[in-house]
Amino acid sequence: MSETQSAAPGPIIIKKYANRRLYNTQTSSYVTLDHLCEMVKDGVEFEVRDARSGDDITRQVLAQIIFEQENKEGQSLMPIAFLRQLIRFYGDSMQMLVPRYLEVSIDSLTREQEKFREQLAQAFGGSPFGALEDQVRRNMELFERTFSMFTPFARREGQAAAEQDKGTPQSGGGGEAGGAGDIDGLKRQMEEMQRRLDRLSDKDKDKV
């Protein structure tokens, strides 16, 4: 890949050196995280690569930008409850669904931002966050509806517990074979869940 955008149209390449300095190969100048933050806000596409190995480290640098912004007074966007819940998803069986859900949510928020600005401008005429609250509620309903389609194990456990409370005997046998089948079934359900999320996302876009 060429290092300059003029030679090969595409994302600007930012090199990160061992001393943590960032080098913009398009402008042939060193930049800071604040510069990259402004580039993101201006819609400028870039990739950050390790100067020695050439590995793509864009995700880590963007996360660092968010960390820097969160540390600035009055700049915080992520509530503590959200951060705690996000951390809980790491290593969880539902981890693979979280990125897609967040992408759908932030994309919806971005499409509706002009409407939100109008609501804020009319703050004295009503609730400035009404539209935002409605959108968040719709996103949560979408997420919960999708999850409810794929929680047979949770429902089965709930039913088993209810039967136990009532003294209803449960069927036995086939424990190990059933466990293996449940794992395969869960994998298939996770794949189906992703497909349904994609379809629901497409429907949501069509409504806009």
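No value in this document is a laboratory result; all are computed from the given coordinates. What you are looking at is a predicted structure, and each value in this text was computed from that prediction instead of being measured. No Cβ is skipped: glycine too gets one built from the backbone with ideal geometry, and neighbour counts run over all protein chains shown.
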Strands (runs of 3 or more DSSP E) contained entirely in the range 15-109, each with at least 2 residues that are among the charged types (D, E, K, R): 46-50
All positions within the range 71-112 that are polar (S, T, N, Q) and surrounded by 11 or more Cβ atoms within 10 Å (Cβ to Cβ): 76, 85, 95, 105, 108
First in the range 19-32 and more than 13 Å from residue 61 (Cα to Cα) and in contact (Cβ under 8 Å) with a residue 60 or more places away in the chain, second anywhere and β-branched (Val, Ile, Thr) and surrounded by 12 or more Cβ atoms within 10 Å (Cβ to Cβ), Cβ under 7 Å, 6 or more apart: none
